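The values are calculated or read from the model by the stated rules, or taken from the named source; none is laboratory data. Quick caveat: nothing in here was measured; it's all calculated off a predicted structure. Positions of Cβ are generated from backbone atoms using ideal geometry, with glycine treated the same way; all protein chains shown enter the neighbour counts. To get the accessible areas, we keep the full protein, side chains included, count just its heavy atoms, and leave off ligands, DNA and RNA. Shrake-Rupley method; radii C 1.70, N 1.55, O 1.52, S 1.80 Å.
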Amino acid sequence: MPKISVIMPVYNSAQYIQQAVDSILKQTLSDFELIIINDGSTDHSGAILQSLAATDRRICLIQRENRGLIATLNQALSLARAPYLARMDADDISMPERLALQYTYMKTHPATAIIGAAIQYIDSAGTLGRIKKYPTYVNLGDAFFWGSPLAHPTVMMRAEAVRKAGGYPSDFPAAEDYALWLRLLSLGKIDNLPDVLLSYRVHGTSVSHMHARQQRDSTLRAQALWIVGRLFDAELCRLSTRTNGDP
């Protein structure tokens, strides 16, 4: 059994996928499996991934039709064998020591369910931008009222806690990570390392750009259900904030 299962969904990321995968394969902690699910890409992502998978037995590659991000994340979760899950996006770059630092933290802090990290923005051309640090445990509680206090592709999570929380909830599209963090609050501590462990790619086809309104609506709905203590209420979670006639 590997120490860590790295989960990477891919959809039309041919421009960046080689760098993203290489950044995981070159980690200082090498005992991991890299679960890559190609979610029906229509560019050359599949061919690039096939070539990469042939070079490293730690890569578990699944290529199939498009089912969407949340279904892809949950499929990867069902395949993961390790006690720790590390998220990775197909257009980002992990620092070489990322997995080692987060694994050590999780091993020495057994009450922690999720550990994130700081990021440095990077554009489509690879130009580095500003650094963003996220709140640590002491100040994390209030931060949830303003949105997600974690950068999703930086997190390492306890697989047992994520499965107990039901995985990524499908009722909060574009904010499935935020809804999961809220559910995990009752199952363990959430914290961030101050270290910059990921170059976070910002470009015109990223989820935050393409689905900004949906992300906002899902975030507000998850937050409201969390405040009233009903985030596990399946019927309420399915209710949309949209009304007939909304675009």
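Some points to look at:
- Computed in the context of the full set of protein chains, the accessible area of the stretch 26-107 at 1.4 Å probe radius has 54% of its extent on carbon or sulfur.
- The Rg/Rh ratio of the stretch 91-167, with Rg taken over Cα atoms and Rh as the Kirkwood radius over Cα pairs, comes to 0.99.
- Peptides 171-177, 106-112 ranked from most to least packed, by the mean per-residue count of other Cβ atoms within 10 Å: 171-177, 106-112.
- Residue 57 paired with residue 189, simple spin-label distance in nm, labels 7 Å along Cα-to-beta-carbon: 3.8 nm
- Among the listed pairs 3/132; 26/164; 26/133; 107/164, a Cα-Cα separation exceeding 21 Å is found for 3/132; 26/164; 26/133.
- Mean accessible surface per residue for the chain, computed with a 1.4 Å probe while every protein chain stays in place, in Å²: 47 Å²
- Relative contact order (%) - criterion: Cα under 8 Å, at least six apart; region: the chain: 21 percent
- Reported label for calculated percent of Cα pairs over 26 Å apart given (1) 36; (2) 64; (3) 53: (1)
- Alpha-carbon centroid distance for the pair the stretch 1-68 / the stretch 74-123, whole angstrom: 15 Å
- Element breakdown for the stretch 108-160 at a 1.4 angstrom probe: carbon and sulfur atoms account for 57% of the accessible area.
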